[in-house]
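The next block holds one structure in the form of structure tokens; read it before the comments.
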Ligand SMILES: [Zn+2]
Ligand SMILES: [Zn+2]
């Protein structure tokens, strides 16, 4: 006879862990009990030696798929002579911190019940169990218990209650458990808030098939849906949403349907079907029957599979693929409340498919792709959040406020960094409110009272102003690109000095100029700027970001001086030279022409030089389209100049501009020039790293920043660096764009404020 006390921590609550233990205990003739405590799950088990050993071994081996076991401690004690196994009531404890599960895609068992005619939840759009369903988006407060979720207003019927209380049942303590008799329900309304009679799903399917746009309430907010194959429907959605070129995500019934549109590798298929169900960027097939307006000028499509029972029902009708884009007007946060959606989306959607389960926390779909066989996350939100990033050492409790575009914040506690859901571009009051509510919610959920605050150095960012307004707390400003590099270091669990290559559009520099083509020697606390792209003016400030032709003209002037306007290239035929004259004077007089070393601006300039994009309609568009047309087979590049005597060293791309112009005049196809340009930038990065290695003896390179969303460039750089003998670290858990910087800020703040040197 043996008795063991087993302590398990991690994500082990609210995901069917106790019923699993109960069943396993029965199978191995175990007596004793299991309960949820403040740290996770506690088991007291007693049996014959062999049975107990098998029980202990099988817990981690057979644990429910959603469990994330962080620690597993077994202590052997004197037997007490238990006679049965039971699930005990949770202990009230001092410290109530537990991890909370993200929202989970419908499991196989619920899916098959959803479509079996005899089941009492047949076609019930809110079916769920302990293995699936809403979590993060419905939790108002902790502990995770039904009355503290938005399911509180629904009283379970006797059948649901019985399942909920039966430890052998799949729905034992499934907090959102519901059925048609007692749970949430759907209502279809028109834009005047008038109810549309009939079965809401059947009717919605009809409307979608007719080419109508329907706002559909989902797990983390509203989607705007329409027939993805109908050019008319998609075009009218695009024009009503005032989102001219930004790609829409689509949802396909199943993997077979996805393959109609895109080539899918095994890793991509796994990611599509993962329980997180993110949007996966896939290479579009030539023959793809999706309407062109879904993702104009793109070589990829963002596709996801259904993740809620409602989605499964909507995609089981005549339409197997729907546009499912965020329910917002451009630049605003996604709508998540019925009233508010009706108000904000009534000029976009023809109809509204509502339900009466409230969404407490809005949460956008996550966006991913595969790089080198692993997920590469571009937007980390629904399905991933609020699961923390595990750090290699414990941190003080810190609030890091993130940047401006694609904002996330982070709160830390011990070895965990809770990186928030995607808040959006912090440029308006709606988004700022969403940010502030998010911070308060995370603090409450995870019992975090920050001891320090970290913020970006840009004085105009709303996240920075928010941080600076918090009274009486130590705080530290973190340089944007340093935060990028440390965020990649933190998720890779590395420390010490590294070569950090941070390439992006804009980040406030220590000298007050806009940085973005940065090579640094960095560690978790400090950095030294060792090299950067040559500084050039951005005529008109942020207008130069919206109008890449301005940067093209700046680069041309740098290379050709007075002769610029005589060049026989198409760009000069397109632009208004009088406007350029004015801008040139502004540059000379240093009026609204801030200096930048941004790599993003160089990509913009080349995109405009190649007649791809003179003006952009969303962030990064010019560079994305430049990547799209680039010929991957090109082997040669352009010369550039690395001025090693400058401190910091300067990378001068003037010769690149000259050669591109020469190629243009000789009639070389843009795809070839774009290919040569990508090779050149990769070469420039590798050679700069080699020079830094020879001077400083560093051989680890960390790559971060929005420019590395460019997969062609990322591949060329990582391959080149590796064959030159470097160890290369890239992002996989948090985004390489500004959605990742809050993590880096938190780690830097901890090192500076709480770690003695
Ligand atoms: Zn389920
Ligand atoms: Zn019920």
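The values are calculated or read from the model by the stated rules, or taken from the named source; none is laboratory data. Every value quoted in this text rests on a predicted model; they were computed, and no experiment measured them. Backbone-built Cβ (ideal geometry, glycine too); neighbour counts: all protein chains shown.
Filter the range 316-333 down to residues that are surrounded by 22 or more Cβ atoms within 10 Å (Cβ to Cβ), in a loop (DSSP other than H, G, I, E, B) and modelled with pLDDT of 95 or more, then give me how many there are. Qualifying residue count, the range 316-333: 0.
Of the residues in the range 152-159, not one is in contact with a strand residue (DSSP E or B) (Cβ under 6 Å, 6 or more places away or on another chain), within 16 Å of ligand 2 (Cβ to nearest atom) and part of a loop (DSSP other than H, G, I, E, B). Among the residues making up the range 415-427, those that are within 17 Å of residue 454 (Cβ to Cβ) and part of a strand (DSSP E or B) are 416, 417, 418, 419. Put simply, of 15, 59, 8 the only residue that is part of a strand (DSSP E or B) and under 28 Å from residue 108 (Cβ atoms) is 8.
Taking first residues from the range 239-257 that are surrounded by fewer than 17 Cβ atoms within 10 Å (Cβ to Cβ) and partners that are not in a loop (DSSP other than H, G, I, E, B), the Cβ contacts under 7 Å between residues at least 6 apart in sequence or on separate chains come to 244/238; 255/269; 255/272; 255/273; 257/321. With respect to (1) touching a residue at least 24 places away in the same chain (Cβ under 8 Å); (2) part of a loop (DSSP other than H, G, I, E, B); (3) surrounded by fewer than 21 Cβ atoms within 10 Å (Cβ to Cβ); (4) more than 16 Å from ligand 2 (Cβ to nearest atom), the lone exception for residue 135 is condition (3). Looking at this structure, is residue 474 over 29 Å from residue 577 (Cα atoms) and over 28 Å from the mean Cα position of the chain (by Cα)? Taking the combined requirement at face value, the residue satisfies it. Please verify whether residue 183 is away from ligand 2 (no atom under 14 Å from the Cβ), at pLDDT 95 or above and more than 23 Å from residue 445 (Cα to Cα), treating the condition exactly as stated. Judged against the criteria, residue 183 is not a match. Residue 134 falls short of the stated requirement of being over 23 Å from residue 438 (Cα atoms) and within 16 Å of ligand 1 (Cβ to nearest atom).
To keep it simple, each residue is scored yes or no on (1) assigned to a helix (DSSP H, G or I); (2) crowded, with 23+ Cβ neighbours inside 10 Å; (3) more than 16 Å from ligand 2 (Cβ to nearest atom).
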| position | (1), (2), (3) |
| --- | --- |
| 98 | no, yes, yes |
| 106 | no, yes, yes |
| 116 | no, no, yes |
| 119 | no, no, no |
| 123 | no, no, no |
| 127 | no, yes, no |
| 147 | yes, no, yes |
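The condition of being touching a strand residue (DSSP E or B) at 6+ places or on another chain (Cβ under 6 Å) and either within 17 Å of residue 520 (Cα to Cα) or buried (at least 17 other Cβ atoms within 10 Å of the Cβ) (or both) holds for only one of 700, 683, that being 700.
Residue-wise test of (1) within 19 Å of residue 121 (Cα to Cα); (2) more than 16 Å from ligand 1 (Cβ to nearest atom); (3) touching a strand residue (DSSP E or B) at 6+ places or on another chain (Cβ under 9 Å); (4) free of Cβ contacts under 8 Å to residues at least 40 places away in the same chain.
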| residue | (1), (2), (3), (4) |
| --- | --- |
| 149 | no, yes, yes, no |
| 163 | yes, no, yes, yes |
| 177 | yes, no, yes, no |
| 188 | no, yes, yes, no |
| 192 | no, yes, no, yes |
| 196 | no, yes, yes, no |
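When you look at residue 202, is it in a helix (DSSP H, G or I) and more than 16 Å from ligand 2 (Cβ to nearest atom), yes or no? It is true that residue 202 is in a helix (DSSP H, G or I) and more than 16 Å from ligand 2 (Cβ to nearest atom). The requirement of being closer than 22 Å to residue 341 by Cβ and in contact with a helix residue (DSSP H, G or I) (Cβ under 9 Å, 6 or more places away or on another chain) is fulfilled nowhere in the range 165-173; no residue meets it. Filtered by the rule that a residue be surrounded by fewer than 24 Cβ atoms within 10 Å (Cβ to Cβ) and under 30 Å from residue 581 (Cα atoms), the range 485-505 gives a lone residue, 505.
Suppose the filter is more than 23 Å from residue 1 (Cα to Cα) and either surrounded by 18 or more Cβ atoms within 10 Å (Cβ to Cβ) or without any contact (Cβ under 8 Å) to a residue 24 or more places away in the chain (or both); does residue 32 pass it? The answer is no for residue 32.
Quick one: how many residues across the range 341-387 are closer than 30 Å to residue 719 by Cα and outside any strand (DSSP E or B)? Going through the range 341-387 one residue at a time, the tally reaches 6. Within the range 573-603, the set of residues being without any contact (Cβ under 8 Å) to a residue 60 or more places away in the chain, crowded, with 17+ Cβ neighbours inside 10 Å and assigned to a helix (DSSP H, G or I) comprises 580, 583, 584, 587. The selection criterion, being outside any helix (DSSP H, G or I), more than 30 Å from residue 448 (Cβ to Cβ) and away from ligand 2 (no atom under 16 Å from the Cβ), holds for residue 192. When the test is whether a residue is touching a strand residue (DSSP E or B) at 6+ places or on another chain (Cβ under 9 Å), under 29 Å from residue 726 (Cα atoms) and at pLDDT 95 or above, residue 480 passes it. Taking first residues from the range 543-561 that are without any contact (Cβ under 8 Å) to a residue 12 or more places away in the chain and partners that are in a helix (DSSP H, G or I), the Cβ contacts under 8 Å between residues at least 6 apart in sequence or on separate chains come to 543/550. Please work out if residue 494 is touching a residue at least 24 places away in the same chain (Cβ under 8 Å), in contact with a strand residue (DSSP E or B) (Cβ under 7 Å, 6 or more places away or on another chain) and assigned to a loop (DSSP other than H, G, I, E, B). Yes: the conditions hold for residue 494. In the condition set (1) in contact (Cβ under 8 Å) with a residue 60 or more places away in the chain; (2) part of a helix (DSSP H, G or I); (3) within 16 Å of ligand 1 (Cβ to nearest atom); (4) out of contact with any helix residue (DSSP H, G or I) (no Cβ under 9 Å at 6 or more places or on another chain), residue 102 is compliant with all but (2).
With the condition kept exactly as written, say whether any residue in the range 329-344 is within 23 Å of residue 205 (Cβ to Cβ) and in contact with a helix residue (DSSP H, G or I) (Cβ under 7 Å, 6 or more places away or on another chain). Yes; the residues of the range 329-344 include at least one that is within 23 Å of residue 205 (Cβ to Cβ) and in contact with a helix residue (DSSP H, G or I) (Cβ under 7 Å, 6 or more places away or on another chain). Screening 299, 267 for residues that are touching a residue at least 40 places away in the same chain (Cβ under 8 Å) and within 22 Å of residue 104 (Cβ to Cβ) leaves exactly one candidate, 267. Here residue 143 qualifies as over 27 Å from residue 317 (Cβ atoms), in a loop (DSSP other than H, G, I, E, B) and more than 16 Å from ligand 1 (Cβ to nearest atom).
When each of 67, 63 is tested for being surrounded by 15 or more Cβ atoms within 10 Å (Cβ to Cβ), within 25 Å of the chain's Cα centre (by Cα), farther than 19 Å from residue 218 by Cβ and more than 14 Å from ligand 1 (Cβ to nearest atom), the lone residue that passes is 67.
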